1. Could you list, in sequence order, all residues of segment 221-237 that are out of contact with any helix residue (DSSP H, G or I) (no Cβ under 6 Å at 6 or more places or on another chain) and either farther than 12 Å from residue 145 by Cα or away from the ligand (no atom under 16 Å from the Cβ) (or both)?
2. Please list, ordered by first then second residue, the pairs with beta carbon atoms under 6 Å, 6 or more apart or interchain, first in segment 99-121 and on the phi > 0 side of the Ramachandran plot, second crowded, with 18+ Cβ neighbours inside 10 Å.
3. Answer yes if at least one residue in segment 305-327 is within 25 Å of residue 149 (Cβ to Cβ), in contact with a strand residue (DSSP E or B) (Cβ under 6 Å, 6 or more places away or on another chain) and touching a residue at least 60 places away in the same chain (Cβ under 8 Å), and no otherwise.
4. Residue 50: in a strand (DSSP E or B), surrounded by fewer than 18 Cβ atoms within 10 Å (Cβ to Cβ) and touching a helix residue (DSSP H, G or I) at 6+ places or on another chain (Cβ under 9 Å), yes or no?
5. Residues of segment 114-154 being within 16 Å of the ligand (Cβ to nearest atom) and not in a loop (DSSP other than H, G, I, E, B), which ones?
6. Pairs, please: C-beta under 8 Å, at least 6 apart or cross-chain, first residue farther than 13 Å from residue 33 by Cα and in segment 232-251, second outside any strand (DSSP E or B) and within 11 Å of the ligand (Cβ to nearest atom)?
7. Within segment 64-101, count every residue that is under 21 Å from residue 152 (Cβ atoms) and in a helix (DSSP H, G or I).
8. Considering only segment 174-202, how many residues are outside any strand (DSSP E or B), away from the ligand (no atom under 12 Å from the Cβ) and at negative phi?
Ligand SMILES: [Fe+2]
């Protein structure tokens with residue numbers, strides 16, 4: 001299984017993952033969830049859109065929620081590039097690959113290029129946004145999980161190798177990966193000096209699995225869960241708390257009122273130096289990819305968000321075995337019964 005070689009001087013300079021645009025059937029319910037449970041700051045709202053940012057964030061938005069009556073959807077994910085000039089280089093890069101690239105107007109963002117990667121994922125690229133004060137020392141106003149900053153998203157795609165090769169060409173490096181039968185099934189890729197800006201997991205796609213915000217400590221994670229419970233929505237806590245093997249982060253996953261999945265976590269390690277090799281995980285060894293905590297429910301793998309207007313492609317092969325909460329509990333019950341006999 002070939003891991004792509006790092007490209008240290010890519011054709012254009014992506015600096016980080018920056019935002020996600022999703023839909024909601026009920027903006028008031030979304031506002032309650034993201035303000036009170038996740039602890040985001042509402043920068044601005046209009047009749048049909050909410051713009052949120054983390055407490056640490058100075059740019060106008062990292063989560064945009066648009067009112068939409070139908071099935072919940074994601075409109076796009078967003079990356080920042082370093083300067084305006086990089087946008088023109090990006091347009092040239094995507095067009096040279098025969099991939100869609102067009103200029104769009106987006107409120108509160110500078111010039112924005114909308115592209116589709118090889119899996120079809122819609123991606124906004126921009127170099128600037130309007131700015132607004134950081135609120136990370138306004139402790140008296142912290143709510144819920146007190147989410148600090150947007151960190152990454154996970155996209156499910158049917159061909160992880162193809163996506164990984166493409167993003168490597170754009171300068172993304174692999175921090176960690178999972179393989180099965182000598183085939184890539186998950187890659188954690190980064191541009192900023194952490195372990196991930198975008199994660200690819202093998203499954204039908206492209207579909208948005210989750211987006212993630214950092215929190216400053218473990219108490220923030222528990223507080224988000226407690227506030228959800230107090231608001232009568234304790235069942236939005238879908239997975240965790242637990243500690244991932246990859247990146248070693250403490251995490252919890254929650255489902256918003258429309259079913260979008262958001263992760264709160266603290267925190268990943270610094271990764272800049274070029275001699276550091278990617279870390280591989282053997283998914284056949286249970287317990288290795290999860291340091292502690294229960295495996296995810298099956299729905300964690302299979303319930304995801306479609307991108308608006310983008311067809312979901314199925315896998316062209318049988319997916320490998322998944323370690324789910326359901327299979328884990330069934331095995332526990334089997335062992336217990338065998339001991340009792
Ligand atoms: Fe994540």
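1. Within segment 221-237, the first condition is being out of contact with any helix residue (DSSP H, G or I) (no Cβ under 6 Å at 6 or more places or on another chain), and the residues that meet it are 221-223, 225-226, 229-233, 235.
Within segment 221-237, 222, 223, 225, 226, 229, 230, 231, 232, 233, 235 qualify.
2. Hits for this filter: 108/60; 108/129; 120/206; 120/310.
3. Pass one, segment 305-327, residues within 25 Å of residue 149 (Cβ to Cβ): 305, 307.
Still in the running and in contact with a strand residue (DSSP E or B) (Cβ under 6 Å, 6 or more places away or on another chain): 305, 307.
Next, only the ones that are touching a residue at least 60 places away in the same chain (Cβ under 8 Å) stay: 305, 307.
Yes, because at least one residue in segment 305-327 is within 25 Å of residue 149 (Cβ to Cβ), in contact with a strand residue (DSSP E or B) (Cβ under 6 Å, 6 or more places away or on another chain) and touching a residue at least 60 places away in the same chain (Cβ under 8 Å).
4. Details: in a strand (DSSP E or B): yes; surrounded by fewer than 18 Cβ atoms within 10 Å (Cβ to Cβ): no; touching a helix residue (DSSP H, G or I) at 6+ places or on another chain (Cβ under 9 Å): yes.
Judged against the criteria, residue 50 is not a match.
5. Correct list: 149, 150, 151, 152, 153, 154.
6. Filtered contacts from segment 232-251: 243/249; 246/195; 247/195; 247/196; 247/268; 248/268; 249/268.
7. 2
8. 3
The values are calculated or read from the model by the stated rules, or taken from the named source; none is laboratory data. Quick caveat, the model's predicted, so the values are computed rather than measured. In this analysis, Cβ positions are derived from the backbone assuming ideal geometry, glycine residues included, and neighbour counts consider all displayed protein chains.
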